[in-house]
Amino acid sequence: MKDYDVAVIGAGPVGCTFARYAAEKGLKVAIFEKKTEVGVPLQCAGLLGNKIKDVNIVPDEVILNEIYGACLYSPSNTMISMKKKEKPLAYVLDRVAYDKFLAQIAVDKGVELFLNHRVNDVDLKTGEIYLKDKKITAEIIVGTDGPSSLLSKKFNSESKATPAAQLLIDTGKDTFDDDYFQVNVNAEISPGFLWTIPLSKSTARMGLFADYDYKTLSEILNKYLESDERLKDAKILKKYYGMIPLYESKKDIVKDRAILIGDSASQVKPTTGGGLIIGFKCAKIAAEIVYNAISSKNIKILKDYQKQYKKMYKNELKMQLKVQKTYKSLSNEDLDSVILKLKEKEIGRIVSEYGDLDSQSPLMKEIIKSGLLFSVLPKLLSRNIFGL
C-alpha cells in the first residue's frame with residue numbers, strides 16, 4: 001500500500017488548489033515544497049482578470065486594488081485607453097498572502113503540507129518519490145513546481161522561459177490613476193513588454209519581461225524611471241526577479257503515474273505569460289480525473305486530462321500565439337503607426353466591449369470581422385501571420 005493517493009510537488013497556488021480539490025474527494029494528499037515559506041519570494045505581477053473569482057476563492061483581504069481599465073503606450077507615447085464601467089476588469093492581489101491563504105485552506109481540508117522538503121527524483125512508473133533522507137510512494141504524482149519543474153524534465157526536454165524583473169515603487173504623492181494599469185510596448189523588448197500596475201495612487205509594481213539577463217532588465221527599468229518626470233524621484237521599495245514560462249503546444253503533461261499542471265505544464269497565455277486562471281481551471285479538471293483513475297484503479301484514465309485541456313484551450317492559445325508572432329515582427333516605427341491608426345479608429349470602444357484579459361479570441365475575431373486588422377497592418381504581413 002502506498003503512503004499517499006496523491007503527492008504534489010510544489011506548494012504554489014495551483015498545486016494547493018489541486019490538492020484541496022483532491023482532498024475534498026476523499027483522497028489522501030501530500031504537498032512537498034522546497035521553500036521554507038509558501039509564497040516567498042514574490043514572483044508575479046499579481047494582476048488577475050476578473051474571472052479569477054469564478055474559478056477560485058478570493059478573500060477580500062488579499063485584494064489590494066480593483067482595476068477598471070488599461071492604457072497602451074506606443075514607443076513614441078501614443079496612448080490608447082479602454083475601460084470597463086460596470087465591474088472591475090482585473091484585481092491586483094497580494095500574491096504572498098493569497099498563496100498562503102490557498103495553502104491554509106488545503107491543509108484545513110486534510111492535505112499534509114511539508115515545507116523545506118526538496119524532491120530530488122521520482123519514478124514515474126512506481127510512484128516513488130525521493131527526498132533528501134527518505135522515500136515516499138504515491139499512486140499519482142502531480143507536478144506544480146514551476147517553469148523549471150523536476151517532474152516535467154522526466155518526460156520533456158528543458159522547458160522554455162523568459163526572465164522577468166519587477167520593482168515596487170513609491171512616489172510619495174498622487175501619481176497614478178489607480179483605476180488603470182499601463183502597458184508600454186517596444187520592439188527592443190518584444191514579445192515582452194513593460195507594465196505599471198498601481199496598488200494605490202502613490203505605489204505601483206513596475207516590471208517587464210524580455211530575452212535579456214536580469215542586469216539588463218534592471219537597467220531598462222531604471223532608464224524608464226529616469227525618463228518619466230513623474231517617476232524619476234520614486235523610491236524603490238523592493239526588487240523582484242523570476243522566470244515566466246513560455247507556452248509550448250506540444251508539451252506532454254501526462255506520463256505513466258505523473259501529470260503536470262500550471263507553469264510546469266506551460267499552461268500560460270502566449271501574449272502575457274500569465275497562467276493562474278488557466279492553472280486553476282486545469283487543477284479542477286485534473287482533480288476529477290485523478291480521482292477517477294484512483295477509484296477505478298486505472299491509471300490510463302490520466303490521459304483524459306491532456307485531452308480535456310487541449311479541447312478547452314487549444315484554439316484560444318493558438319490565436320494568442322499568432323498575436324504574439326505579429327507583435328514580435330513589428331519595428332518601433334510599425335508599432336507607432338499601428339497604435340496611432342488604432343487610436344484614430346477608436347479601437348478603445350471595441351476593446352472595452354470585447355476585451356478580456358484571459359480570453360483574447362473574441363476581441364481578435366471582432367477586429368478581423370470589422371476589417372480593422374487589414375486597415376492597420378500591411379495585407380501581406382497579416383496574411384503571412386494569420387493565414388487570412
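The values are calculated or read from the model by the stated rules, or taken from the named source; none is laboratory data. For clarity, every value in this text was computed on a predicted model and none was experimentally measured. Neighbour counts run over all protein chains shown; Cβ positions are idealised from the backbone, glycine included.
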For residues that are of a type in the set (Gly, Ala, Ser) and farther than 18 Å from Ile57 by Cα, scanning just the stretch 13-36, find the one that is surrounded by the fewest Cβ atoms within 10 Å (Cβ to Cβ).
-> Gly26
Can you confirm whether the stretch 127-134 contains a residue that is touching a Gly at 6+ places or on another chain (Cβ under 7 Å) and either under 30 Å from Cys71 (Cα atoms) or assigned by TED's automatic domain parsing to the domain that holds Phe18 (or both)?
-> no
Select from the stretch 188-215 the residues that are surrounded by fewer than 16 Cβ atoms within 10 Å (Cβ to Cβ) and closer than 24 Å to Asp334 by Cα and list them in ascending order.
-> Glu188, Asp211
From the list Ser74, Ser81, which residue is surrounded by 18 or more Cβ atoms within 10 Å (Cβ to Cβ), under 23 Å from Lys269 (Cβ atoms) and not assigned by TED's automatic domain parsing to the domain that holds Leu151?
-> Ser74
Just one of Asn120, Asn56, Asn116 is assigned by TED's automatic domain parsing to the domain that holds Lys255, under 30 Å from Phe176 (Cα atoms) and among the polar types (S, T, N, Q); which is it?
-> Asn56
Failed criterion for Asn156 (all others in (1) more than 25 Å from Thr78 (Cα to Cα); (2) outside any loop (DSSP other than H, G, I, E, B) hold) | (2)
Among the residues of the stretch 245-272, count how many are under 18 Å from the mean Cα position of the chain (by Cα) and surrounded by fewer than 21 Cβ atoms within 10 Å (Cβ to Cβ).
-> 5
Result of the Cβ filter at 7 Å on the stretch 220-242, keeping first residues that are free of Cβ contacts under 8 Å to residues at least 24 places away in the same chain and partners that are assigned to a loop (DSSP other than H, G, I, E, B) and surrounded by fewer than 14 Cβ atoms within 10 Å (Cβ to Cβ), at least 6 apart or interchain, is Glu226/Lys232
Would you point out the residue of the stretch 159-177, among those that are assigned to a strand (DSSP E or B) and of a type in the set (Val, Ile, Thr), that is modelled with the lowest pLDDT?
-> Thr162
Being farther than 12 Å from Pro13 by Cβ, within 18 Å of the chain's Cα centre (by Cα) and not in a strand (DSSP E or B) is the filter here, so list the residues in the stretch 76-125 that pass it.
-> Leu89, Asp94
Answer residue from the stretch 1-10, given it is in contact with a Gly (Cβ under 7 Å, 6 or more places away or on another chain) and in a loop (DSSP other than H, G, I, E, B) and is surrounded by the most Cβ atoms within 10 Å (Cβ to Cβ) among those = Gly10
Any chance Ser331 is surrounded by fewer than 16 Cβ atoms within 10 Å (Cβ to Cβ), closer than 30 Å to Val185 by Cα and not assigned by TED's automatic domain parsing to the domain that holds Glu139 = yes
Filtered residues of the stretch 283-308 (kept if among the polar types (S, T, N, Q) and within 12 Å of Ile253 (Cα to Cα)) = Gln306, Gln308
Filter the strands (runs of 3 or more DSSP E) completely within the stretch 178-269 down to those with at least 1 residues that are more than 20 Å from Val92 (Cβ to Cβ) and modelled with pLDDT of 95 or more.
-> 258-260
